[in-house]
Amino acid sequence: MQRKRPSVTYLICCLLVLLLVVSGKAQVRPVNPKATPETKNLYANLKRLSQKGVMFGHQDDLAYGVGWAYEPGSSDVKAVTGEYPAVFGWDLGELEMGKQANLDEVPFDKMKAMAQQAYTMGGLNTFSWHLHNPVEPAKTSWDKVDSTIKQLFSDKKAMKRYKSWLGTLATFMKSLKGPDGELIPVVFRPFHEHTGSWFWWGRDHCTPEEYIKLWRFTIDYLRKEEKVNNLLIAYSTDRFNSKEDYLERYPGDDYVDMVGFDIYHRPQPGVADSFVPDTRRMVETLREIGQEKNKVWALTETGLEMIPDENWWTETLLPIVKDSGLSYVLLWRNGRPDHYYAPYPGQKSASNFIELYRQPNILFLNDVAEEQLYKPLKSN
Ligand code: BMA
């Protein structure tokens, strides 16, 4: 008996199934296999969106700005451009101490409500943590104590304290809920700027092995003991010289979703300014690492304090982030009239900031809301 040849329709169907399987496999996944569906969607969307443009972010944007605080709806970025940033940065420092407000006086209940607002509007939240020293809890992040990590792992009382801090952190993360009761996925960026030595977890105060041990313990504890499944984990250094330097304390591909670094522009009178080429070089190294590891990459903190250069946005920031594949760039907080990193109406660089805002590949909230970060990956 002659065998029937498969029909063209049948072959096309097989091909489509194959394509679906292949594209499904190619979709990037967070390191936590138990990540919530929205967290998985967010990660895949961050990867996709980073091919379209760089999201603009600002620390404490909804909380306060130059000359105002806690006025619902306010934002210095919005006051200048008419639009909110796409990324909202927050810091959990002193949550572990049982305080009602963080180290910069942002009440945690308000922070939670603002993070919910950012999520509902379609933006992204990222949390850093300037935590105190778990061995000597009266000491802050900045009190440089050598060998804290080593002591933490040999001092039962300190370890118990640290676990309770992680419990408090987990409770906060698990209390972030969207309108339908779903957990809000966020980027968690612990133990940052560790290629510098100004925090107790910095380079001069611990060995690479100790840093990695603390990182893995922290992430495992949150995931496995506290069952926190709405975090994307960001590893972010300060200045670095090479790929090897960047990766010296990298805790491993199973412990990191996003690679980033923090870098501030601090021009010195009489010294040639190489901030743009230096930072762009770091961005390129980061891109290489991100591509090799199939992670998302971001400029997790930057800025020029008080922005005295009126063209800073298009002449300094833009050449650093343009066509870089960066997921986002986050400017630091507008804390005081002498400590701010985003313009406010009337500030010297405000009109140049609008030029940055108008760049098609620099994404603010409305561009990003359209992309539906928390929904399954769009096919286009
Ligand atoms: C620093 C400064 C401090 C602040 C800290 C944590 O860069 O802005 O004023 O307390 O970050 O947010």
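Throughout, read-outs are computed from the coordinates displayed, never taken from laboratory work. Please read all numbers here as calculations on a predicted model, not as lab measurements. Note that we place each Cβ from the backbone using ideal geometry, even for glycine, and neighbour counts take in every protein chain shown.
Here are the numbers for the structure shown:
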{"item": "ASP245/ALA272 FRET efficiency (R0 30 Å; Cβ-Cβ; nearest 0.05)", "result": "0.85"}
{"item": "The stretch 271-380: C-alpha gyration tensor shape, a/c 1.5 cut-off, then a/b vs b/c", "result": "oblate"}
{"item": "Cα-derived Rg to Rh of the stretch 18-123, Kirkwood definition", "result": "1.07"}
{"item": "Given charges at Cβ of Lys, Arg, Asp, Glu: the stretch 38-370 dipole, positive-most of GLY303, LEU286, GLY252", "result": "GLY252"}
{"item": "The chain: DSSP helices with Cα axial extent of at least 15 Å and average Kyte-Doolittle hydropathy no lower than 1.6", "result": "8-26"}
{"item": "Value at 222 nm in deg cm²/dmol, rounded to 500, when DSSP H runs of n ≥ 4 in the chain each add -39,500 (n - 2.57)", "result": "-10500 deg cm²/dmol"}
{"item": "Förster radius 22 Å - calculated FRET efficiency between LYS174 and THR120, Cβ distance, rounded to 0.05", "result": "0.75"}
{"item": "Dipole in debye (nearest 20) - the stretch 38-370, about Cα centre, beta carbon charges: Lys, Arg +1; Asp, Glu -1", "result": "920 debye"}
{"item": "By average C-beta atoms within 10 angstrom, highest first, the peptides 229-236, 347-354", "result": "229-236, 347-354"}
{"item": "Pairs beyond 30 Å (Cα-Cα), from LYS150/LYS227; LYS110/LYS375; LYS47/LYS150; LYS78/LYS144; LYS34/LYS163", "result": "LYS47/LYS150; LYS78/LYS144"}
{"item": "Spatial separation of Cα centroids for the stretch 119-139 and the stretch 235-306, in angstrom", "result": "20 Å"}
{"item": "Alpha-carbon Rg with Dmax, taken over the stretch 155-271, Å", "result": "16.3, 56"}
{"item": "Percent RCO, i.e. relative contact order, over the chain, from Cα pairs under 8 Å lying at least 6 residues apart", "result": "24 percent"}
{"item": "Ascending count of other beta-carbon atoms within 10 Å, so fewest first, for ASP367, ASP60, ASP338, ASP146", "result": "ASP338, ASP146, ASP367, ASP60"}
{"item": "Residues SER141, SER197, SER327, SER242, sorted so that the one with the fewest Cβ neighbours within 10 Å comes first", "result": "SER242, SER197, SER141, SER327"}
{"item": "Trypsin sites (Lys or Arg not before Pro) within the stretch 27-98, DSSP loop, no more than 13 other Cβ atoms inside 10 Å", "result": "LYS34, LYS52"}
{"item": "Trypsin sites (Lys or Arg not before Pro) lying in DSSP loop within the stretch 183-276, provided at most 16 other Cβ fall within 10 Å", "result": "LYS227, ARG239"}
{"item": "DSSP beta bridge pairing in the chain, given as percent antiparallel to the nearest 5", "result": "15 percent"}
{"item": "Stokes-Einstein D in µm²/s, Kirkwood radius over Cα pairs - the chain at 37 °C with 0.692 mPa s viscosity", "result": "151 µm²/s"}
{"item": "Theoretical FRET efficiency, 1/(1+(r/R0)^6), r = Cβ-Cβ of LYS112 and ARG5, R0 45 Å, to 0.05", "result": "0.10"}
